[in-house]
1. Fully extended, how many nm does the chain gain between Leu94 and Lys48 (0.36 nm per residue separation, minus their Cα-Cα distance)?
2. Read phi for every residue in region 25-35 and hand back ³J(HN,Hα) as whole Hz from Karplus 6.51 cos²θ - 1.76 cosθ + 1.60, θ = phi - 60°, with x for Gly and Pro.
3. Roughly speaking, to the nearest percent, how much of region 36-95's 1.4 Å accessible area is carbon and sulfur?
4. With charges set only on the Cβ (+1 for Lys and Arg, -1 for Asp and Glu), what does the dipole of region 36-95 come to about its Cα centre, in debye to the nearest 20?
5. What's the ranking of 28-37, 43-52 by average number of surrounding C-beta atoms within 10 Å, highest first?
6. Please list, by residue number, everything in region 59-73 whose backbone N is under 19 Å from a paramagnetic label point 7 Å out along Cα→Cβ of Glu40.
7. Say the dipole of region 36-95 comes from +1 at the beta carbon of Lys and Arg and -1 at that of Asp and Glu; which of Ser86, Gln38, Val71 then lies farthest toward its positive end?
8. Just to confirm a number: summing +1 for Lys and Arg and -1 for Asp and Glu over residues other than Arg57 whose beta-carbon lies under 11 angstrom from that of Arg57, what do you get?
Amino acid sequence: GLELSHCVGANSLGPAGPWRSGGPCKMKRVRTVFKPEQLERLEQEFLKQQYMVGTERVDLAATLHLTETQVKVWFQNRRIKWRKQSMEQKAAKLSQFGVIRPATADSTDIKDHEEDTVDVEL
């Protein structure tokens, strides 16, 4: 499950979920802090494949003593970082050749879709 921060203040009127707003007690999810060994292994797996699904994800989570959701979210976030770095590298290459594309709000708002296209290196 999710780790929740402790309620500070008055008694709670019932169980509060990680996204509950209002009421005398507001609880929020505590950010997962990965150990260096976990991060190293996650990065190794990401280099092999950018998508970790099914039993592979379950096995990796068990090996690293993480939940399947933590592994899933780590991979989602890592893919976003990877795409952003890839876009920045392409922009740098284009600017070297004098081709400058204006930055748009859409180019920075990357969505994580399962049906991704493969980008060709310049």
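1. 13.8 nm
2. With the stated coefficients, region 25-35 comes to 10, 9, 10, 10, 5, 8, 5, 6, 10, 7, 6 Hz.
3. 55
4. 480
5. My ranking of the peptides, most packed first, is 43-52, 28-37.
6. Residues 60-66 fall inside that zone.
7. About the Cα centre, the residue reaching furthest to the positive side is Ser86.
8. Local charge sum for Arg57: -3.
The values are calculated or read from the model by the stated rules, or taken from the named source; none is laboratory data. Small disclaimer: the values here were computed from a predicted structure and weren't measured. Note that each Cβ is placed from the backbone with ideal geometry, even for glycine, and that neighbours are counted across all protein chains shown. Surface accessibility is based on the protein's heavy atoms, side chains included, excluding ligands, DNA and RNA. Shrake-Rupley method; radii C 1.70, N 1.55, O 1.52, S 1.80 Å.
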